[in-house]
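Let me begin by presenting the structure, written as structure tokens, before commenting on it.
Each reported figure results from applying straightforward, stated rules to the coordinates on display, with no laboratory input. Not measured: the values here are computed from a predicted model. So basically every Cβ, Gly included, is an ideal-geometry build from the backbone, and we count neighbours across all protein chains shown.
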Amino acid sequence: MKRSRLRPVNRERRNRLREEMFGSEFIEWIRLRPCGVCSESPPSDPHHVRSRAAGGRNDSNVAPLCRVCHTRVHQLGKLTFRSRTGVNLEDVAREEWAIWKEKGEADGTEGNEV
């Protein structure tokens, strides 16, 4: 059986993609927000409500979740998690995005890095 050769890692591309997905000012701000489900104090995990693989790569798709809630949403799935907690993560992400945009307008900065 012939084995395929692995491509070498393009470190520059990997670092650029990581920066695009996890390095924005908004994502850092989300880490400092309380959990959008249980209100546990920060730090929070930035949870992509729509997975990045499914096209949810923009910042307006991110909700702050404590580690416990973040683990639960991945274990249970989005619909079961929503039915058990009564929290719509899309709404949480939209609310956080609105606060972030308002914050940017209030201090005269861009407010995001989409």
In debye, nearest 20: dipole of region 29-106 around its Cα centre with unit charges on the Cβ of K, R (+) and D, E (-)? 320 debye
Any lysines whose Cα falls less than 26 Å from that of Lys78, other than same-chain ones fewer than 8 residues away, would be Lys101
Listing Ile27, Ile99 by rising number of other beta-carbon atoms within 10 angstrom, fewest first, gives Ile99, Ile27
Which order do Asp59, Asp45 fall in if you start with the one that has the fewest other Cβ atoms within 10 Å? Asp45, Asp59
With the dipole of region 29-106 defined by +1 on each Lys or Arg Cβ and -1 on each Asp or Glu Cβ, the option from Leu76, Cys35, Ala93 whose Cα lies farthest towards the positive pole is Leu76
Please rank Leu17, Leu89, fewest neighbouring Cβ atoms within 10 Å first, as an exposure proxy. Leu17, Leu89
Calculate one ³J(HN,Hα) per residue across region 89-98 by plugging θ = phi - 60° into the Karplus curve 6.51 cos²θ - 1.76 cosθ + 1.60, and present them in order as whole Hz with x for glycine and proline. 5, 4, 5, 4, 4, 4, 5, 5, 4, 5
